[in-house]
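Beneath this line is the structure, given in structure tokens, with notes to follow.
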Amino acid sequence: MRHFTSVKDIIDPNAAVQEALEIKKNPYGYQHLGKNKTMILLFFNSSLRTRLSTQKAALNLGMNPIVLDVNQGAWKLETERGVIMDGNKTEHLLEAIPVIGSYCDIIGVRSFARFESREDDYQEKILSQFIQYSGVPVVSMEAATRHPLQAFADQITIEEYKKVKRPKVVLSWAPHPLALPQAVPNSFSEWMQAAGYDVVITQPEGYELAPEFAGTATIEYDQDKAFEGADFIYAKNWASYSHYGEILSKDRAWTVDSRKMALTNNAYFMHCLPVRRNMIVTDEVIESPMSLVIPEAANRVFSAQCVLKRILESL
Ligand code: CP
């Protein structure tokens with residue numbers, strides 16, 4: 001594998017999960033792969049889990065990780081080509097990217113959707129420039145349209161806890177005070193369908209994902225009906241795709257609570273975190289024995305480690 005930006009780079013997600021579970025049993029077994037190899041983790045946006053789990057994965061593989069918060073301590077970067085740089089941006093991405101690439105063997109990039117232009121976000125303008133100009137493999141640590149390391153960790157977690165071969169996995173929109181990107185639900189939907197699960201998406205009208213990400217998932221606008229017989233409930237907020245970046249609803253009737261969880265097949269509750277309690281999910285549900293939010297976050301180490309191992313093996 002050269003770059004990792006979506007499930008399409010993995011080819012067989014079920015085989016990758018088995019590989020990640022083997023790594024989980026023996027996390028220090030591949031340290032020779034990363035000896036004298038450096039990974040730079042570049043954050044344009046905040047992070048707790050991705051920052052720590054990807055560093056831990058690199059360390060487990062014997063690599064030297066370096067973290068750079070672009071907006072704290074680096075020069076302010078211009079990302080648009082052709083602008084007269086007479087403002088507060090000191091350096092252009094087109095110089096910064098190859099310079100960073102010259103210092104490392106792998107680059108991880110986190111760059112969220114900006115909600116200024118749907119076309120720019122959905123063309124992955126920032127991530128694709130790293131792929132084009134860095135000269136080294138690039139790992140998405142959440143880009144404008146996808147968060148593949150999260151979705152991979154989600155599948156690892158579902159495989160560890162599922163009670164039936166093909167579980168019913170429900171992606172449920174839930175309310176939030178701010179406009180959030182579609183990267184997590186896009187990747188989750190795409191990845192769960194590639195894994196072969198029975199995928200249902202429930203959302204208010206106007207929150208449909210882009211067709212390429214909704215794929216062939218069943219769409220159900222009645223959240224109660226969607227929850228019936230579910231084995232896993234994956235809650236997430238996202239802003240509208242059709243009215244790009246807009247908040248169309250903050251309806252707390254969509255908050256995941258115990259009454260709704262009782263409609264399911266004793267489903268597990270999942271969320272990528274960070275989560276706004278009593279907006280997305282009630283205290284009672286997230287603290288219940290059926291909540292997988294902590295093991296799901298812990299599996300971020302092993303999704304990252306599997307991806308980095310495959311890239312190191314290809315260098
Ligand atoms: N789930 C996730 O990516 O968490 P962070 O934003 O804290 O990295």
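Filtering 312, 308, 273 for residues that are part of a loop (DSSP other than H, G, I, E, B) and aliphatic (A, V, I, L, M) leaves a single hit, 273. Taking (1) over 21 Å from residue 290 (Cα atoms); (2) surrounded by fewer than 23 Cβ atoms within 10 Å (Cβ to Cβ); (3) among the small types (Gly, Ala, Ser) in turn, residue 189 satisfies each apart from (2).
Take the conditions within 16 Å of the ligand (Cβ to nearest atom) and out of contact with any Ser or Thr (no Cβ under 8 Å at 6 or more places or on another chain) and apply them to residue 49. Does it pass?
Numbers: within 16 Å of the ligand (Cβ to nearest atom): yes; out of contact with any Ser or Thr (no Cβ under 8 Å at 6 or more places or on another chain): yes.
Yes, satisfied.
Among the residues of region 276-305, the ones that are among the aliphatic types (A, V, I, L, M) and assigned to a helix (DSSP H, G or I) come to 8 in all.
Residues of region 197-240 that are without any contact (Cβ under 8 Å) to a residue 24 or more places away in the chain, of a type outside the set (D, E, K, R) and outside any helix (DSSP H, G or I): 216, 218, 219, 221.
Looking across region 57-75, the residues that are surrounded by fewer than 19 Cβ atoms within 10 Å (Cβ to Cβ), of a type outside the set (Gly, Ala, Ser) and farther than 17 Å from residue 142 by Cβ come down to 59, 64, 66, 72, 75.
Checked against the criterion of being modelled with pLDDT of 95 or more and within 16 Å of the ligand (Cβ to nearest atom), region 117-125 contains not a single residue that satisfies it.
Can you go through 194, 179 and tell me which one is assigned to a helix (DSSP H, G or I), among the hydrophobic types (A, V, I, L, M, F, W, C) and in contact (Cβ under 8 Å) with a residue 40 or more places away in the chain?
Unique residue meeting the criteria: 194.
Among all residues of region 293-309, there is none that is away from the ligand (no atom under 16 Å from the Cβ), touching a residue at least 24 places away in the same chain (Cβ under 8 Å) and not assigned by TED's automatic domain parsing to the domain that holds residue 46.
Of all the residues that make up region 137-160, how many are outside any helix (DSSP H, G or I) and either in contact with a Cys (Cβ under 8 Å, 6 or more places away or on another chain) or within 16 Å of the ligand (Cβ to nearest atom) (or both)? It would help to see each step written out before you state the result.
Taking region 137-160 first, the residues outside any helix (DSSP H, G or I) are 137-147.
Within this subset, residues satisfying the condition of being either in contact with a Cys (Cβ under 8 Å, 6 or more places away or on another chain) or within 16 Å of the ligand (Cβ to nearest atom) (or both) are 139-147.
Within region 137-160, residues that are outside any helix (DSSP H, G or I) and either in contact with a Cys (Cβ under 8 Å, 6 or more places away or on another chain) or within 16 Å of the ligand (Cβ to nearest atom) (or both) number 9.
Listed by position, the strands (runs of 3 or more DSSP E) contained in region 23-136 that have at least 1 residues being of a type in the set (Phe, Trp, Tyr) and not assigned by TED's automatic domain parsing to the domain that holds residue 272 are 38-43.
Name the one entry in 22, 91, 78, 95 that is surrounded by 18 or more Cβ atoms within 10 Å (Cβ to Cβ), free of Cβ contacts under 8 Å to residues at least 40 places away in the same chain and charged (D, E, K, R).
So the residue among 22, 91, 78, 95 that is surrounded by 18 or more Cβ atoms within 10 Å (Cβ to Cβ), free of Cβ contacts under 8 Å to residues at least 40 places away in the same chain and charged (D, E, K, R) is 78.
Considering every residue within region 161-169, establish whether at least one is in a strand (DSSP E or B) and either over 21 Å from residue 58 (Cβ atoms) or in contact with a Lys or Arg (Cβ under 6 Å, 6 or more places away or on another chain) (or both).
To start, the set of residues in region 161-169 that are in a strand (DSSP E or B) comprises 168-169.
From what is left, the residues that are either over 21 Å from residue 58 (Cβ atoms) or in contact with a Lys or Arg (Cβ under 6 Å, 6 or more places away or on another chain) (or both) are 168-169.
Yes; the residues of region 161-169 include at least one that is in a strand (DSSP E or B) and either over 21 Å from residue 58 (Cβ atoms) or in contact with a Lys or Arg (Cβ under 6 Å, 6 or more places away or on another chain) (or both).
The values are calculated or read from the model by the stated rules, or taken from the named source; none is laboratory data. It should be emphasised that the depicted structure is a prediction, and the values quoted were computed from it without experimental measurement. So basically every Cβ, Gly included, is an ideal-geometry build from the backbone, and we count neighbours across all protein chains shown.
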